[in-house]
Each structure stands twice: as C-alpha cells, then as structure tokens.
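S.K.: Please read through the structure below; I'll follow up with questions.
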Amino acid sequence: MPAVIVLGTQWGDEGKGKATDQLGSEVDYVVKFNGGNNAGHTVVVDGEKFALHLLPSGILSKGVTPVIGNGVVIDLQVLFQELEELNERGIDTSRLRISSNAHIIPSYNKVLDGATEKFLGDRKIGTTGRGIGPTYADKMNRVGIRVQDLFDESILRKKVRAALEQKNHLLTTMYGAAKIDPEIIADELLAYAERVRPYVIDSALMLNEALDRGEMVLFEAGQATMLDVDHGTYPFVTSSSATAGGACTGSGIGPTRIDRVIGVAKAYSTRVGEGPYPTELLDEVGEQLRQAGGEFGTTTGRPRRTGWYDAVVARYSSRVNGLTDIVLTKLDVLTGFPQIPVCVAYDVDGVRVEEMPDHQTDFHHAKPIYEYFPGWSEDITKVRSFAELPANARAYVEALEKLSGCRISVIGNGPGREAAIVRHSLI
Ligand code: GDP
Ligand code: IMO
Ligand code: MG
C-alpha cells in the first residue's frame, strides 16, 4: 500500500493532523500538497501538545521525511519560526524537503488579504489573513514568486517588480493603502535564500522514485472538501485544491499511484469563517458542543461555528474524493448528549433534496432534515475496540457509515495519539 491521501471531508479541523500522526510510524514520507499556514493541526503526543501550521504533521514522527509539495504556499518567516520552535522542543527537522516549485507568500499578499476583506465588508470570506488567496491568485495569474526564484536575484527582482506594478496601483487607488517598494520586498525574500537552500529539492522526482522503491508516501491535505476552491461552498472557500485530486497536482504524482483515500470526519461538524452551513447550531447546544470539543481555531483562535453531522456533505465528500475509508473523530465529544441529530437530507424551499445542491442559492436555502439517534453517557475515552463501545455509540457509528457512502475504518475517542478504535487497518 504505497500511497495514501488523508484529507478533510467537512469544513476543516476534523483531526487530519492527528490521523496523519497516527500513521507516522508506518510511512516514509508525509507530503503537504495544498494550502499554507492557514492550516492549524493540533497533535498530542504523550500528553505534549504541538500546533503545526505550515509544516506537515509527519514532522513529529521519527524517520519520516516531511515534504512541502509544489502545491503549497510558503510564508518564509513562518517556516523558520515553526522549525525553530520544534527544534527547541527536541524535534529533528533536518529531513524536511521543500519543492523548488512551491510558491512563496510575499508580505504584500498579507497586506492585500486584509485590505480585500475590509473592502468586501459584509461580503467578506472571513479568511485567516495569511495571504493565501492573493498568493494563489498570483500563481494562476502567472505573477507568483517561487522558491527557486530565491536563487536567481535578477529574476526575483524582476518578478517582484512586475507583481507590485499591478498591486501598488490597486493598493493606492482602491484600498487607500501605502505603496510598497519592490526592492525592499526582494531584499526581504533574498535574506532567506541560503537558509532555505538545504531543504530545496525536485520533490516530484524524489516522491516518484520513493514510490518506485515501494516506500510509503502519505499525502496530507490542509483545509477540507467543503473549502476546496472547485468543490467547496464557493466563494466561501480557501484558494487551493484540498480534495484528492489536489494531492496529484500539488505533488507531481499520477493518480494511478494512489492506493487509498482516507477522509477524516468529525462525529459532528464545525466551520470557521463565513459561508453557508445548514446544520449550524446557534443556540446553547452549539455552545455546549464548542466547549466539549474545545472548538477554538488552532490558527486564529476564533471560536468555531458548531453543528450536527451532515450526511449529505459526507456523501458528497465520499463521491468527489473517491474515499476508501473514513476516520471518524471526536466521538467522545458527543458523550452525554441525550439525543444526537444527523442531517440526512435538506429541505430546499419545500423540496426534499438528498444530494448536495448543484446551485449555490439552493445550498444557502437548505434546511436540515434530521434523523435522531439516542445518545450514551458512559465515558468512552479508554475504549480500544468497537465491541466495547456502548450500544448507542455503536449504532450511531453504524448509522453514519450507512449514510455517508463509505466505511468508517477508525474512530477517534480522544486527542492523544493512542486514542483510537481501529475497525479496518488503514495501511
Ligand atoms: P486538523 O486541522 O484537521 O488537523 O484538526 P485540528 O487540529 O485543527 O482540530 C482537531 C482538534 O481535535 C485538535 O485539537 C485535536 O487534538 C482534537 N482531536 C482530534 N481527534 C480527536 C478525538 O478523537 N477526540 C477528541 N476529544 N479530540 C480530538
Ligand atoms: P485546517 O487545515 C478551518 C477557512 C477560513 C476562511 C476560508 C478562507 O486546519 O483544517 P484562507 O485564509 O484560507 O483564504 O480562508 O477558509 N480556513 C479554514 N477553516 N480549517 C482550516 O485549515 C482552514 N484554512 C482556511 O476560516 O473561512
Ligand atoms: Mg485545523
């Protein structure tokens, strides 16, 4: 089983970092293929908490080569800050490899991210403010700065000047902001060149050769299906491909090499930022879920919006990603809720709709149609086999499995690396 993808099936923060970390001892490479430091993965190892943003979660596993693929956007300041923090905590980061084709987030794109959100007013996306959207826009617009540009000063300066010609116009005339000096930006970026150089590699070649040797490669997505720029709730999405296809374009691997696609799903749901969310709970039950699940953003600290499990979203995710397995996380958080609703279909303007509406307006109008499942009150955090779970918890998982269009192979019942119930081995 050489190549597996781990991705989010909902709106992010499903526990992808923990799932990746749990497979760490069995894989040789962990590749981040999309997004940047908008991601926030909390991983708990032996009671010690690690919050990763830009680096792949595999960096915490001994012997794993963590890779930042070409589909990622890199804030160089954040990169070295994260590396230093890990080094101070005794984590060896020397194996990290970075694609020479990955794009860099220049500081002006952070300014533009904030300015655009302000300009949009109540139409804002609620971004993380990390410059993600403007950097992917530059990539598509062919005015982006890549890691390899750091090693050719004259090209870098030309590219920064070209990018800023348009942006300075926008900043000064539309956003009333100050002009940015391209030479200062180029100096800022060049200052990192020699520090970055030892990590940089043709990562697509390296990964294909690893697969040829039968080594194990895990592709770890940032964000999630419903935030994917093509398949998510556009425009309330991030700007990258967080779905399974993104693992190929974001790393230079052909789809025929992928053996397994693992979708991580919370046993309820959360969302950060703006955008439609049919099962959202705006009452005290939502607050109860937020508190019980510790649902506060790893990246921005924002309280996450909370709601019940949406099986329409799960079926959609199973479909667009070709999921082979689901890792269902945070089942323990539902302990104590007397009754657990699951959204099985939507009411769209009086019509029952079983699958994700194709038109955005319909999704904005979608009201959840719930089926109700009885809860359980026993502490399940020490349980390590499916049979040991309370009958109602088992029935809940089995119902989700039936409704979600994919088997549930692993159940998470606590934040720690060891807190899992394996029904089907993932590797
Ligand atoms: P990611 O962005 O998908 O990696 O997820 P985050 O790290 O942003 O959010 C998931 C949170 O849930 C983290 O704080 C994890 O430590 C925690 N977590 C993951 N799995 C479980 C679980 O099964 N039970 C509990 N209680 N917490 C979990
Ligand atoms: P992980 O990897 C949850 C959301 C933001 C915003 C939208 C666009 O931890 O699951 P961006 O800064 O990407 O342009 O913001 O996407 N968002 C996330 N929400 N988890 C994430 O990552 C997210 N990354 C971005 O809140 O609504
Ligand atoms: Mg997260």
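S.K.: Given (1) open to solvent by less than 40 Å² (accessible area, probe 1.4 Å); (2) without any contact (Cβ under 8 Å) to a residue 40 or more places away in the chain; (3) under 25 Å from the mean Cα position of the chain (by Cα), identify the lone condition not met by residue 373.
M.R.: So the condition that residue 373 fails would be (3).
S.K.: Same structure, new question: Looking only at residues in the range 114-130 that are within 14 Å of ligand 2 (Cβ to nearest atom) and free of Cβ contacts under 8 Å to residues at least 60 places away in the same chain, which one is surrounded by the most Cβ atoms within 10 Å (Cβ to Cβ)?
M.R.: Per the stated criteria, the residue is 116.
S.K.: Right, another one. Suppose we filter 4, 44, 64 for residues that are touching a Pro at 6+ places or on another chain (Cβ under 9 Å), open to solvent by less than 10 Å² (accessible area, probe 1.4 Å), on the phi < 0 side of the Ramachandran plot and more than 12 Å from ligand 3 (Cβ to nearest atom); which single one remains?
M.R.: 64
S.K.: Can you tell me which condition residue 26 does not meet? The list is (1) open to solvent by 10 Å² or more (accessible area, probe 1.4 Å); (2) under 29 Å from residue 290 (Cα atoms); (3) away from ligand 3 (no atom under 16 Å from the Cβ), and all the others hold.
M.R.: Every listed condition holds for residue 26 apart from (2).
S.K.: For the range 12-109, give me every one of the strands (runs of 3 or more DSSP E) that falls completely inside it and has 3 or more residues that are touching a strand residue (DSSP E or B) at 6+ places or on another chain (Cβ under 6 Å) and within 12 Å of ligand 2 (Cβ to nearest atom).
M.R.: Per the criteria, 41-45.
S.K.: Pick out the one residue from 89, 157, 142 that is more than 20 Å from residue 299 (Cβ to Cβ), of a type outside the set (Ser, Thr, Tyr) and open to solvent by 50 Å² or more (accessible area, probe 1.4 Å).
M.R.: So the residue among 89, 157, 142 that is more than 20 Å from residue 299 (Cβ to Cβ), of a type outside the set (Ser, Thr, Tyr) and open to solvent by 50 Å² or more (accessible area, probe 1.4 Å) is 142.
S.K.: Right, next: Going through the range 392-409 one residue at a time, which ones are touching a residue at least 40 places away in the same chain (Cβ under 8 Å) and open to solvent by 50 Å² or more (accessible area, probe 1.4 Å)?
M.R.: Across the range 392-409, the qualifying residues are 405, 407.
S.K.: A further question on this structure: Condition first: open to solvent by 10 Å² or more (accessible area, probe 1.4 Å) and either within 11 Å of the chain's Cα centre (by Cα) or within 16 Å of ligand 1 (Cβ to nearest atom) (or both). Now tell me which residues in the range 198-223 satisfy that.
M.R.: Of everything in the range 198-223, just one residue is open to solvent by 10 Å² or more (accessible area, probe 1.4 Å) and either within 11 Å of the chain's Cα centre (by Cα) or within 16 Å of ligand 1 (Cβ to nearest atom) (or both), namely 223.
S.K.: Something else now. Going by what's in this entry, would residue 226 be described as of a type in the set (A, V, I, L, M) and within 29 Å of the chain's Cα centre (by Cα)?
M.R.: When the stated conditions are applied, residue 226 passes them.
S.K.: Residue under question is residue 383, and the condition is that it be without any contact (Cβ under 8 Å) to a residue 40 or more places away in the chain and aliphatic (A, V, I, L, M); does it hold?
M.R.: It is true that residue 383 is without any contact (Cβ under 8 Å) to a residue 40 or more places away in the chain and aliphatic (A, V, I, L, M).
S.K.: Among 383, 422, which is under 28 Å from residue 41 (Cβ atoms) and open to solvent by 50 Å² or more (accessible area, probe 1.4 Å)?
M.R.: 422
S.K.: Name the helices (runs of 4 or more DSSP H) wholly inside the range 225-326 in which the number of residues that are within 16 Å of ligand 3 (Cβ to nearest atom) is 2 or more.
M.R.: 284-293
Per-residue answers, yes or no, for (1) within 13 Å of ligand 1 (Cβ to nearest atom); (2) farther than 30 Å from residue 214 by Cβ; (3) more than 14 Å from the chain's Cα centre (by Cα):
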site	(1), (2), (3)
29	no, no, yes
35	yes, no, no
56	yes, no, no
65	no, no, yes
80	no, yes, yes
88	no, yes, yes
95	no, no, yes
105	no, yes, yes
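S.K.: Another one. Which residues, counting only those in the range 254-271, are open to solvent by less than 10 Å² (accessible area, probe 1.4 Å) and either modelled with pLDDT under 95 or among the β-branched types (Val, Ile, Thr) (or both)?
M.R.: If the condition is that a residue be open to solvent by less than 10 Å² (accessible area, probe 1.4 Å) and either modelled with pLDDT under 95 or among the β-branched types (Val, Ile, Thr) (or both), then 262, 264, 270 are the ones that fit.
For every residue, the table says whether it meets (1) within 27 Å of residue 24 (Cα to Cα); (2) modelled with pLDDT of 95 or more.
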residue: 354; (1), (2): no, yes
residue: 361; (1), (2): no, yes
residue: 364; (1), (2): no, yes
residue: 381; (1), (2): yes, yes
residue: 385; (1), (2): yes, yes
residue: 396; (1), (2): no, yes
residue: 403; (1), (2): no, yes
residue: 406; (1), (2): yes, yes
residue: 427; (1), (2): yes, no
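The values are calculated or read from the model by the stated rules, or taken from the named source; none is laboratory data. Computed from a predicted model, the values in this text were never measured in an experiment. Glycine also receives a Cβ, built like all others from the backbone with ideal geometry; neighbour counts cover every protein chain displayed. In case anyone asks, the SASA skips ligands and DNA or RNA and just uses the protein heavy atoms, side chains included. Shrake-Rupley method; radii C 1.70, N 1.55, O 1.52, S 1.80 Å.
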